[in-house]
Amino acid sequence: MSRGIKLGASAITGGGGSTTGKIVVDTTNLVATDIVRVQSLVNPSVIYNETVGTPGDYIVFTVDSDLYKICLVQEIEETPTEVVTIKRTVDVGQCLEVNALNKTTLGGIQAILNSHTESELLSIGDEVTITVNNEPWVMQIAGINLYDTHEVTLVSKDIYAMSIVSNHYTNSAFWNDTTSYLLASLTAFYNAMLPTEAALLKQIEKNMRGSYNSNVWSTYTAKVFVPNSVEIFGTTDAGTPSLPTYQYPLFLNQADRIKYYQNTVTNYWTCDGATNRSADVIMCTKTGTKGRDGGINADPSSGVQAGVVPCFRLTADS
């Protein structure tokens, strides 16, 4: 008999704790005597069994690591087969390999998006630690379902130092040129991530106002990007973005835009050129207001460093 487990539960509220996650099982297609088994792939001796009881209800498993397989068995004593396929439904005797709905890891957040429970389990400002250059790097959820359904945008909690070369420093060539040190630095950030984490990032098309004294907004595609002035401040100096562009809820309050570099409050750049002169970009100041030029150094065109906050987006697989 073909029945099936379905992941997802818009009716489930609440969120995972800092050390635990949740696996939510929709039992609509099951029968009362079916048994749902969850087994850890990290520690196979950890097994949870729950009898359906009332089909259509949700079974919530609270778990303490990221990767599990879900099986549907008819008797507790049964030994289910190994993972047969990775899909949204499984038949009796088959297994589904899933990430626990743990919002403190990228894999967990991806699982939440895949289960379509981000509105219940995630919040603006939630933090997740990734690995960059073999060091921990904290990201924050800046927007939920802002640009698409079942997606989140994450922004770096701290400022990332970006090396630049002065002959690329005009706000047209610096941002738009294919040899842009901004894009090269963000690519380096991406390449320094763990492959398993980097693989979850979605390539998207982004807007930036890159040309001095122009109303034209340009586009670029990337998996790691820098927010534009609208996404941080809600306004721009000139023109209208050519793509849908929204202020991140994380940045609605001025104080929440303030960022640190090596424990010191510091200015950081957006990806937008300023209108006052060709060698300026729009930045976020140390007080969270919109400014011009800036970066980690008073004069980024010196070719030393500039400061940015890398961002990326995760979306549901389906």
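Every read-out reported here was derived from the displayed coordinates using simple, explicitly stated rules and does not represent laboratory data. Remember, it's a predicted structure, so these values are computed and weren't measured experimentally. Positions of Cβ are backbone-derived with ideal geometry, glycine not excepted, and every protein chain shown enters the neighbour counts.
Numbers for the structure displayed
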{"read-out": "Spin-label zone in the stretch 182-205 - amide nitrogen under 20 Å from a point set 7 Å from the Cα of THR221 along the C-beta vector", "value": "182-191, 198-205"}
{"read-out": "Set LYS22/LYS103; LYS103/LYS223; LYS157/LYS286; LYS22/LYS202; LYS22/LYS223 screened for pairs whose C-alpha atoms are more than 18 Å apart", "value": "LYS103/LYS223; LYS22/LYS202; LYS22/LYS223"}
{"read-out": "For peptides 123-136, 262-275, sequence by mean Cβ density within 10 Å, most packed first", "value": "262-275, 123-136"}
